[in-house]
Protein chains: 2
Amino acid sequence: MKKNKDHRTCSVGRVLEILGDRWTFMILREAFFGVRYYDQFQANLGIASNILSDRLKSLVKNGILNKKKDPEDARRVVYRFSQKGVELYSVTLALMRWGDKWLSGEEGPPLRLHHKTCGHDLEPMMCCAHCREEIRAFDVSYESGPGQDKSEEEEAD
Amino acid sequence: MKKNKDHRTCSVGRVLEILGDRWTFMILREAFFGVRYYDQFQANLGIASNILSDRLKSLVKNGILNKKKDPEDARRVVYRFSQKGVELYSVTLALMRWGDKWLSGEEGPPLRLHHKTCGHDLEPMMCCAHCREEIRAFDVSYESGPGQDKSEEEEAD
DNA sequence: AAAAATGCTTGCAAATAGCAAGTAAAATAA
DNA sequence: TTATTTTACTTGCTATTTGCAAGCATTTTT
């Protein structure tokens, strides 16, 4: 991808530079389902091995996955989430929830989630940490934060 | 992308078939910031015009954006979110929140969000709609749902 | 009537992904 | 102890996708 101008800098652009391709997030999804080894990723996803290798390297480089030798079998390499990586779970849930609602056919969603914490079926929801109300797009306004690049800033439209 | 085997079918794979490329989600981010016209998307993102055209078509085809002529200027085409599309806001927030936390430098996040509903700064959080607790990966368990493809189902690992 | 704005399309070059084969290190089987 | 298999890759080539520059058809402004 050409480096985008990302005029109105926000973190979404930065994240998508790491995760915004056709495979990276699928790899993470597998990892959230417990996959840890190269051959499992390959078998479950049907991804070309050079691409898988490249994406795993990128995820490790970006501190999302940690790579280490399996102490039980030195041929094996174990890929595990770092704290940074495991916190992408909210993105996974947001994607899954939207897909369950809008892309499932008559049959309903392919997977059911259960919230062990409260014992109920899990319906993930993006809420305000302060008031715990569900967040809708038109309830949010934006101001430039401390990390905004002033040289590129412009009026709201 | 080669059609992936998506062995353990879940909605994330379906969603990423629509949104999982280098540009589609950036286009949606711009739309969440109020962009409605072709030339604005192009100027803000620096995307090639053939690719932008292709992605907008795909978003319209998938019912995420609606396309209509601007009644005030017949040259202009207005792209607006459908309900299906606007509900991708939770994904946008999840990405932004993670990027703010993990990819901002010393300076802090580039954008500050304000929750008009409660009047406080917005810290988006993925929570359980039932108990309103924050969801963490290891608090969730999975069962196959009604839409699971039985022919491909396998034991948990 | 001519020029400019807008939203595209087209053709070609460059970058990226996919496929099949090969390799190196470690484990297991003969 | 050697041969075979497993695992995690790499390499070289082909196919697909993206980027760039130019062009085009409406509609609006001058």
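Here the accessible area of chain B is 46 percent carbon and sulfur, with a 1.4 angstrom probe and all protein chains present. Quick one: grab the alpha carbon gyration tensor of segment B:9-83, order the square roots of its eigenvalues as a ≥ b ≥ c, and give me rounded if a/c is under 1.5, else prolate or oblate depending on whether a/b is larger than b/c. Prolate, since a/c reaches 1.5 and a/b exceeds b/c.
Suppose only helical runs count, i.e. DSSP H with n ≥ 4. What mean residue ellipticity at 222 nm does that imply for the protein assembly as shown under -39500 (n - 2.57) per run, divided by all residues and rounded to the nearest 500 deg cm²/dmol?
When only DSSP H runs of four or more count, the value is -10500 deg cm²/dmol.
Within 10 Å of the Cβ of each residue in A:46-56, the mean number of Cβ atoms contributed by other protein chains is 1. What the phi angles of segment A:13-23 give under the Karplus curve with 6.51, -1.76 and 1.60, with θ = phi - 60°, is a coupling list of x, 4, 5, 5, 5, 8, 9, x, 10, 6, 10 Hz, glycine and proline written as x. Each peptide in A:81-90, A:49-58 was scored by the mean count of other Cβ atoms within 10 Å over its residues; highest first, the order is A:81-90, A:49-58.
Charge tally around B:C131: other residues with Cβ under 12 Å, Lys/Arg +1 each, Asp/Glu -1 each, net -2. Here the peptides B:91-103, B:113-125 are ranked by packing, the mean other Cβ count within 10 Å, and the order with the highest first is B:91-103, B:113-125. Cα-based values for segment B:15-157, radius of gyration first and Dmax second, are 18.8, 59 Å.
Solvent-accessible surface of the protein assembly as shown, taken per residue with a 1.4 Å probe and all protein chains present: 50 Å².
Convex hull volume per residue, computed on the Cα atoms of the protein assembly as shown, equals 154 Å³. Amide H contacts under 5 Å for B:S144: A:R112, restricted to partners 5 or more places along the chain or on a different chain, H placed in the peptide plane at 1.01 Å from N. Chain A packed on chain B takes about 9400 Å² of accessible surface away from a 1.4 Å probe, both sides summed.
Across chain B, the mean sequence separation of Cα contacts (distance under 8 Å, 6 or more residues apart), normalised by length, yields a relative contact order of 17 percent.
The values are calculated or read from the model by the stated rules, or taken from the named source; none is laboratory data. Quantities reported herein were computed from a predicted structural model and do not represent experimental measurements. Virtual Cβ from ideal backbone geometry, glycine too; neighbours counted across all protein chains shown. What goes into the accessible areas is simple: the full protein's heavy atoms, side chains included, and nothing from ligands, DNA or RNA. Shrake-Rupley method; radii C 1.70, N 1.55, O 1.52, S 1.80 Å.
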